[in-house]
Amino acid sequence: MRRYHFVLLALGLFLAAQPLIAATYYVGYCEKGAFSSIQAAVTAVPGGSTVEVCPGYYAEQVVIDKA
């Protein structure tokens, strides 16, 4: 029973921390430290984050498989 409570507590803490992990990430050259491609950003950032794309031409097909 203790293990069950620990798992529920860990899951609850993880879900509560999700908004704290989510942030805004950039693609292109308008921000320092930005990703060079949209797909690289989508793959790397945690779910619930925002990916801002700087003006430019991005020759790629993007697959978004998270919230």
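What follows is calculated from the coordinates using simple rules that are stated; it is not laboratory data. Here the structure is a predicted model, which means the values were calculated and not measured. Neighbour counts run over all protein chains shown; Cβ positions are idealised from the backbone, glycine included.
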_Cα→Cβ-extended label distance, 7 Å offset, between ALA23 and SER37, nm_ = 2.3
*Using modelled amide H (1.01 Å from N, peptide plane; none on Pro or chain starts), what sits under 5 Å from the amide H of SER49, excluding residues fewer than 5 places away?*
ALA23
*Cα gyration tensor category, rounded, prolate or oblate, for region 23-67 with a/c compared to 1.5*: oblate
*Pull up all non-local amide H partners of TYR26: gap of 5 or more, or a different chain, and H-to-H distance under 5 Å with H placed in the peptide plane.*
PHE35, GLU52
